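Novice: One structure, as structure tokens, below. Some questions next.
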Amino acid sequence: MEPYEVIKYPLSTEKSIRLMEAENKLIFVVDKKANKKDIKKSIETAFKVKVKEVKTFVFGGEKRAYVKFSDETPAIDIATQLGLM
């Protein structure tokens, strides 16, 4: 799968901003069929970053991925790149 087939869009909510600042995480809405390996590979390819961990859950008919970035990659930089900040 292509990276942008897996990643639909980032979520910009109060919770996601808190997670970004406190835990170096971003929340993305992803394709329902994508697994954690697909999501990790897509994020790393699309943004040229290192991903430490991916957690997923389905909420209200959409799949969300909580992506924790490595320490050398601040989530806030990626959020700025995406226009969230």
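The values are calculated or read from the model by the stated rules, or taken from the named source; none is laboratory data. These numbers were taken from a predicted model, which means no experiment stands behind them. Note that each Cβ is placed from the backbone with ideal geometry, even for glycine, and that neighbours are counted across all protein chains shown.
Novice: Condition (residue is of a type in the set (D, E, K, R), in contact with a Lys or Arg (Cβ under 8 Å, 6 or more places away or on another chain) and exposed (fewer than 12 other Cβ atoms within 10 Å of the Cβ)) applied to segment 48-60: is it met by at least one residue?
Specialist: Within segment 48-60 (the criterion being of a type in the set (D, E, K, R), in contact with a Lys or Arg (Cβ under 8 Å, 6 or more places away or on another chain) and exposed (fewer than 12 other Cβ atoms within 10 Å of the Cβ)), the answer is no, since none of the residues qualifies.
Novice: In addition: Would segment 3-10 turn up any residue that is without any contact (Cβ under 8 Å) to a residue 12 or more places away in the chain and out of contact with any helix residue (DSSP H, G or I) (no Cβ under 8 Å at 6 or more places or on another chain)?
Specialist: There is no residue in segment 3-10 that is without any contact (Cβ under 8 Å) to a residue 12 or more places away in the chain and out of contact with any helix residue (DSSP H, G or I) (no Cβ under 8 Å at 6 or more places or on another chain).
Novice: Sticking with this structure for a sec: Does PHE28 meet the test of being modelled with pLDDT of 95 or more and touching a helix residue (DSSP H, G or I) at 6+ places or on another chain (Cβ under 6 Å)?
Specialist: no
Novice: Specify the residue that is farthest from LYS40 (Cα to Cα); the eligible residues are those in segment 5-27 that are surrounded by fewer than 17 Cβ atoms within 10 Å (Cβ to Cβ) and out of contact with any strand residue (DSSP E or B) (no Cβ under 8 Å at 6 or more places or on another chain).
Specialist: Among them, the one singled out is GLU14.
Novice: Look at segment 17-43 and say how many of its residues are within 10 Å of the chain's Cα centre (by Cα) and not aliphatic (A, V, I, L, M).
Specialist: 4
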